[in-house]
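Have a look at the structure below before the remarks.
The values are calculated or read from the model by the stated rules, or taken from the named source; none is laboratory data. Nothing here was measured: the structure is a model prediction, and the numbers come from that model. Cβ sites come from the backbone with ideal geometry, for glycine too, and all protein chains shown count toward neighbours. Keep in mind that these areas ignore ligands, DNA and RNA; they rest on the heavy atoms of the full protein, side chains included. Shrake-Rupley method; radii C 1.70, N 1.55, O 1.52, S 1.80 Å.
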Amino acid sequence: MDDLMSVVDWSRGQFALTALYHWLFVPLTLGLGLIVAIMETIYYRTKDERWKQITKFWMTIFGINFAIGVATGIILEFQFGTNWSNYSWFVGDIFGAPLAIEGMMAFFLEATFLAIMFFGWNKVSPRFHLLSSWLTIIGASLSALWILIANAWMQHPVGMYFDPDTVRNQMDDFWALVFSPVATNKFFHAVSSGWVLGAVFVVGVSAWFLLKKRDTLLALRSMKVGAWVGLAGICTVIYTGDGSAVQVFQKQPMKLAAMEGVYQGSTKHGLVLFGILNPDKKSYTDTEEPFLFEVKIPSLLSLLATRHVDGFVPGIDDLMKGGFPQLNQQGETITAPSVYDKMMQGRIAIQALADYKEAQAQGDSAMMSVNQKILEENFPYFGYGYVESPEQLVPYVPFVFYSFHIMILLGGYFLVFFILLLFLLKKDRLQNMKWLLWICVWTIPLGYLCLESGWVVAEVGRQPWAIQDIMPTFAAISKVGSSIVQTTFWMFAAIFTLLLIADVGIMLKQIKKGFDQNN
């Protein structure tokens, strides 16, 4: 058992390592791609060669980042087969569909028009080159769409049924998968956060040029486009983040409780604006206060989660005990079952599957029908049958709580940041404010910190589930030794670090050359 948990922990660590490195490159690709396409559109409309110069400069940075992102993304997908083969077997017919579409349609679109985008200057018409640039970023966004649809399905499995004959989940409603509200919010939230990062990057690099008094006009033009894209992006992030919070409340209430450090639920629950968790609070069962210090906005969490000021938001203790009103999958109000009830239903489902297979081997169709019905009735909590202790169902609250609040605070900062930039750019005062230009430069790492924090909230907050309520991580792993996973973990850590160093080094070299490199 100890080796099993070691394999689980190292496999989770390896996947998290790959995902976090991959997420350094993807948002910048999405953001820079959009900004480059807008810049080229301005060039196409104005025929101003300086806009072409600006476009080609940022396009070079985009291409460097795009290449590294593809490399880490391929490794990430391979890990479903190497580290999570039970998961791949159990739901591969569903999970594999959006990934296959991403490879056949979106990535093909990117790869085809990327070549024209970089090597088609003066070889194709300006209109077709502009179209290629837009199709490249559309292809990148479609790649993100299908990957995020797959990820959203893991967090809210829909459009499927369980086939006891094959012991696999099968898709029965593709469009339910695609248009899941979780997937919709996740896609727009992730893509618009990429716009914010791309904007922060362009603004920061442009500020560096202004500080060095190099390419001032080109840097100011870049900054204006970046700031407008950033403002549009952060407004979309805030809107879709609100929608995502509602979906988390309805589909993953334990994640919401961890995000806000809620142990005891209540009506008119306040939103923690800032807080310091009590390190002595080790479990939902102890009597320690959850916070050493907190600043709350009264009733706001209830309003955001339930759309009612007096709505009840359950805490971790409530989710364990059950007994509070909640909506089921059909939108009906029911009394929430306790964790022990769910664990019992999960074990009944697992036993019914075993009995079904035994009856099938004996050719007893009557007993097969009986056990299939029992299995279907209890399958919504199938994964709870593998849970040995309720404590396994609680994510690490401090990690989720602080990551969430870092993301929220930085999101508010970016909103003010872009509004201030646009105001000062309009007044033509920014280039003389060195202190603010340095803030622009140092905002670049804050953009990465915000996005990585958001990814931590989404993934760590749903633990221990590989598929929400259906398969925990410790039932999803491959049968490999922990030493093998440890070895590959450190191999990947070294490779990804070298790739990151190379990526940063090449981008810095191109930035130092300045805008004149593409004349």
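Here are some notes:
- Seen against the Cα atoms of the chain and their longest principal axis, helix 397-426 is set at about 30 degrees.
- The trypsin sites (Lys or Arg not before Pro) of segment 75-172 meeting both criteria, a DSSP state outside H, G, I, E and B (loop) and at most 15 other C-beta atoms within 10 angstrom of the site's C-beta, are K123.
- Principal-axis tilt of helix 85-101 within the chain, Cα atoms, nearest 10 degrees: 40
- Options I137, V36, I501, ranked by Cα towards positive dipole end of the chain, top entry (Cβ charges): V36
- Trypsin sites (Lys or Arg not before Pro) lying in DSSP loop within segment 403-495, provided at most 12 other Cβ fall within 10 Å: K427, R429, K479
- Segments 227-237, 128-138 sorted - mean Cβ within 10 Å per residue, highest first: 227-237, 128-138
- Stretch gain in nm, segment I238-T333, where the contour uses 0.36 nm per residue and the Cα spacing is subtracted: 31.3 nm
- Put a dot 7 Å past the Cα of A493, heading toward its Cβ, do the same for V309, and the two dots end up 5.1 nm apart.
- Label-point separation, I484 to T82 (7 Å along Cα→Cβ), nm: 1.1
- Computed extension length for N122-D165: 9.5 nm, one decimal, from 0.36 nm per residue of separation with the Cα-Cα distance subtracted.
- Length-normalised contact order of the chain in % [C-alpha pairs under 8 Å, at least 6 apart]: 20
- Within the same chain, lysines fewer than 8 places from K357 are excluded, and of the rest, those with a Cα less than 20 Å from its Cα are K373.
- The charge dipole of the chain, taken about its Cα centre with unit charges on the Cβ of Lys, Arg, Asp and Glu (plus for the first two, minus for the last two), comes to roughly 3140 debye.
- Rounded to the nearest 20 debye, the dipole magnitude of segment 27-91 is 280 debye, with +1 charges on Lys and Arg beta carbons, -1 on Asp and Glu beta carbons, and the Cα centre as origin.
- Applying both filters, DSSP loop and at most 15 other Cβ atoms within 10 Å, to the trypsin sites (Lys or Arg not before Pro) of segment 36-83 gives K47.
- Within the accessible surface of segment 301-369, defined with a 1.4 Å probe on protein heavy atoms only, the carbon and sulfur portion equals 54 percent.
- 19 Å reach of a label modelled at M105, 7 Å along Cα-to-Cβ, counting backbone N of segment 37-67: none
- Working from label points 7 Å from Cα in the Cα-to-Cβ sense, the L292 to R45 distance is 5.3 nm.
- Above-threshold pairs, the threshold being 30 Å between Cα atoms, out of K47/K213; K426/K513; K224/K296; K321/K479; K282/K479; K123/K213: K224/K296; K321/K479; K282/K479; K123/K213
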